Amino acid sequence: MKKAFLLLFMLISMTINLLQAQEISSSKKFMRPKNEISISWGYSYFLHQYHTSEEDAHDFIRSYWFSDDVFQGPAHFFGVPGISYMHNHTWWFAQGAEFVFGGYYNNVYDIFTNDYLYRKSGIDYMFLYTARFTYMSRPHVSLYGSVSAGLMLETSSNRLNWMTFMGQLCPIGISIGGERVRGFAELGIGGKGIARAGLTYAFGK
């Protein structure tokens with residue numbers, strides 16, 4: 001959590017320095033190539049609450065018995081990776097689709113012998129429509145916000161448990177780099193996590 005805010009603070013500082021270095025009229029808007037493909041990784045505060053260290057596992061798992069003869073160990077969370085495609089209609093508006101997933105796994109043990117029995121896992125798959133609104137556009141830096149909405153499929157041990165609506169609100173995002181390749185970071189609320197970072201490749205005219 002602290003690392004995510006530190007990264008955002010550093011990016012904001014870089015943004016200010018870049019803006020001061022660029023002698024561009026505030027009325028001039030920079031239009032990037034039409035198409036963008038991005039890969040990213042996010043941090044979900046809610047899913048991370050299920051994580052505990054191996055050192056705490058012995059005491060922790062005793063309070064999480066879920067049958068008469070087995071218990072589950074600590075949850076290990078692998079973040080919220082994703083891939084997206086966006087189409088830039090104007091300098092300020094883009095829309096596209098995202099595929100994001102996040103999950104965890106637990107080892108299951110015999111309650112009497114502590115022997116490992118099998119692994120239990122759960123993964124959430126999200127298919128989202130995203131609209132992005134850029135409120136500052138320059139050749140090497142931009143600031144934006146976005147909203148996403150779609151479906152989430154919750155699975156456990158490769159079985160579909162349920163399907164529900166999922167959304168994401170991102171009030172602030174920062175993109176820094178060249179015309180084709182940029183890095184970005186976002187803060188938001190929703191299924192994609194409270195903090196995300198990734199790389200974008202833009203192409204087309």
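What to note about this one:
- Residue count for the range 74-90, restricted to those that are of a type in the set (Phe, Trp, Tyr) and assigned to a strand (DSSP E or B): 2
- Residue within the range 24-31 that is in contact with a Ser or Thr (Cβ under 8 Å, 6 or more places away or on another chain), closer than 16 Å to THR134 by Cβ, part of a loop (DSSP other than H, G, I, E, B) and modelled with pLDDT under 80 present: yes
- Put simply, of TYR135, TYR125, TYR144 the only residue that is within 19 Å of the chain's Cα centre (by Cα), farther than 30 Å from ASP69 by Cβ and open to solvent by 60 Å² or more (accessible area, probe 1.4 Å) is TYR125.
- Just one of (1) closer than 30 Å to GLY73 by Cα; (2) touching a Lys or Arg at 6+ places or on another chain (Cβ under 9 Å); (3) open to solvent by less than 10 Å² (accessible area, probe 1.4 Å) fails for SER156. It is (3).
- Subset tally (residues that are of a type outside the set (D, E, K, R), farther than 30 Å from PHE133 by Cβ and modelled with pLDDT of 50 or more) for the range 45-91: 12
- Failed item, numbered, when THR113 is tested on (1) under 18 Å from GLN72 (Cα atoms); (2) assigned to a strand (DSSP E or B): (2)
- Under the condition of being under 26 Å from ILE174 (Cα atoms) and open to solvent by 70 Å² or more (accessible area, probe 1.4 Å), the residues counted in the range 101-117 number 0.
- Per this entry, ARG182 is counted among residues that are open to solvent by less than 30 Å² (accessible area, probe 1.4 Å), more than 28 Å from ALA75 (Cα to Cα), among the charged types (D, E, K, R) and touching a residue at least 12 places away in the same chain (Cβ under 8 Å).
- Single residue of GLU186, GLU179 found to be closer than 23 Å to THR90 by Cα, touching a strand residue (DSSP E or B) at 6+ places or on another chain (Cβ under 9 Å) and not in a strand (DSSP E or B): GLU179
- Taken together, LEU199, LEU169 contain a single residue that is without any contact (Cβ under 8 Å) to a residue 60 or more places away in the chain, among the aliphatic types (A, V, I, L, M), open to solvent by 30 Å² or more (accessible area, probe 1.4 Å) and within 20 Å of PHE99 (Cβ to Cβ), which is LEU169.
- Residue satisfying condition, being over 21 Å from PRO81 (Cβ atoms) and either open to solvent by 60 Å² or more (accessible area, probe 1.4 Å) or in a strand (DSSP E or B) (or both), within set LYS120, LYS205: LYS205
- Annotation: VAL147 fulfils all but one of (1) in a strand (DSSP E or B); (2) farther than 12 Å from GLY173 by Cβ; the unmet one is (2).
- With respect to the stated conditions, ILE194 is modelled with pLDDT under 95, among the β-branched types (Val, Ile, Thr), over 25 Å from MET31 (Cβ atoms) and open to solvent by less than 70 Å² (accessible area, probe 1.4 Å).
The values are calculated or read from the model by the stated rules, or taken from the named source; none is laboratory data. Just so you know, these numbers come straight off a predicted model, no measurement behind them. Ideal geometry is used to build each Cβ from the backbone, glycine not excepted, and the neighbour counts take in all protein chains shown. Remember, those area values only see protein heavy atoms, side chains included, never the ligands or the DNA or RNA. Shrake-Rupley method; radii C 1.70, N 1.55, O 1.52, S 1.80 Å.
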